[in-house]
Structure formats: structure tokens, C-alpha cells
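The structure under discussion appears below in the form of C-alpha cells.
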Amino acid sequence: MVGAILTQNTNWANVEKAINNLEKNKLLSPGALFKLSHRRLASLIRPVGYYNIKAKRLKEFLAFLFKVYQGSLKKISKVDTLSLRRHLLSVKGIGPETADSILLYCLKRPVFVVDAYTKRILSRHGFIKDDSSYEEVQNLFMQNLKKDVKLFNEYHALLVKLGKDFCLKTKPKCDTCPLKKSKIKNQIF
């Protein structure tokens, strides 16, 4: 859950450094993080960038976790997916991508995560419009794929890999892309 919040606007390598800092100091638990001062937390997560903002977001999430679920990951994991998603989205600093990352990767719920890579790839291949909303893109996956945690996890990971290696924001490598338009028409699902 910490990783889902820290990865906003940064890469996973930096998140790993921050998480390692928390682990080294034996602070990677809800209780320990909740008790930690904002200043100390910010210094430990510095590798992620925007560390003061992200420390605040983590504190907002932890306040929610303790207020609604008494800090219990066991209690939060028992809540149905739709209700929990609404609860997560009510926390300042948690948007759809972060909420869905928590649901899929942390709580093993079959919810497809949409990120910038996903939108860019689908848009460039004509599956969505450039201005498609998060929900529209997510529904495309949710309605066309079997609702399976492992499948959603793997599918998202492959889209991230494709986005990082080929479907770059600027100067995409279309000539070497494994999903050349002629090969994937109507086959992405």
C-alpha cells in the first residue's frame, strides 16, 4: 500500500529505495508509520521525489486506515471491493490508479489498473480516444477479460514493459514494437 502511494509520478526503482529505508529502520508497518513524524517520514522516503507531498499522502492514508479500520490490514481486507474502492477514493491524494493498485497488488482483488502507459498504447493502436477517461479504459479491460487477479497483474505488467521499452512518450519505437498495428487489430483482448 505504501508502494502504491509512493509510486505516484516516479519510477519503481526510487520507490524500492524508499521502502528499503523504511524496512531498514523497522518502520514498514501501519503502527510504526502512523506514529512517525511527518518530517522523519519525508526524510526516509526522499528518493521518491515530492517527498513532503507523499509523506502527507501516506499520513492521510494512515489516518483513514486507523480511523475506519483501526489500523488493521486484516479488517480492510474483509471489505467488499466496491465499498473499499469508494473508501480509498475518499482519501485525499488517492486517485483511481492508486486505489486500484492497492486493490489489485496488495489485496488481490480483480480490478484492472490503468496507467499512462496503458492509455498511450491503446490510443496509439486505435482502441480508445486520446481523451478517454480512466473508467472508460478500465471498463474495456473489465468487460473483455476474465476477472482474474493473476491475469490482470500480468497484463498490466506487460503493458508497462511495452510502454517503457517501445511505446515511449516521445520517439516511440513503432518499427520494432511487438504489437505492430497490422498484427494486433482486435487481438489485444
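Coordinate-derived values only; no laboratory data. It should be emphasised that the depicted structure is a prediction, and the values quoted were computed from it without experimental measurement. Using ideal geometry, Cβ is built from the backbone for each residue, glycine included, and neighbour counts are taken over all protein chains shown.
Here are a few things to note about the model shown:
- Most fluctuating residue given options Pro178, Pro96, Pro30, as computed from a GNM of the chain linking Cα atoms under 10 Å: Pro178
- Per-residue Cβ neighbour rank within 10 angstrom, fewest leading, Cys177, Cys106, Cys167: Cys106, Cys177, Cys167
- Most fluctuating residue given options Glu135, Glu97, Glu60, as computed from a GNM of the chain linking Cα atoms under 10 Å: Glu135
- Ellipticity estimate at 222 nm from DSSP helix runs (n ≥ 4, -39,500 (n - 2.57)) divided over the chain, nearest 500: -17000 deg cm²/dmol
- Take the Cα of Lys24, step 7 Å toward its Cβ, do the same at Lys173, and the gap between the two points is 3.3 nm.
- Gained length - Asn11 relative to Glu154, 0.36 nm times residue gap less alpha-carbon distance: 49.7 nm
- Cβ crowding within 10 Å, taken as a proxy for footprinting-reagent exposure, orders Val137, Val160 from fewest neighbours to most as Val160, Val137.
- The length gained by stretching the chain between Leu82 and Gln70 to full extension, at 0.36 nm per residue less their Cα-Cα distance, is 2.3 nm.
- Going from the fewest other Cβ atoms within 10 Å to the most, the residues Asp100, Asp115, Asp165, Asp131 appear in the order Asp131, Asp165, Asp115, Asp100.
- Whichever aspartates and glutamates have a C-alpha closer than 16 Å to that of Lys150, once near sequence neighbours (fewer than 8 apart) are set aside: Asp100
- Bridgeable lysines around Lys146 (alpha carbons under 26 Å apart, same-chain partners fewer than 8 residues away excluded): Lys78, Lys108, Lys119, Lys129, Lys161, Lys164, Lys180, Lys181, Lys183, Lys185.
- Cα gyration tensor, the range 116-184 - rounded (a/c under 1.5), prolate or oblate: prolate
- J(HN,Hα) series, the range 16-32, from Karplus relation 6.51 cos²θ - 1.76 cosθ + 1.60, nearest Hz, glycine and proline x: 4, 4, 5, 5, 4, 4, 5, 5, 4, 9, 6, 10, 8, 9, x, x, 5
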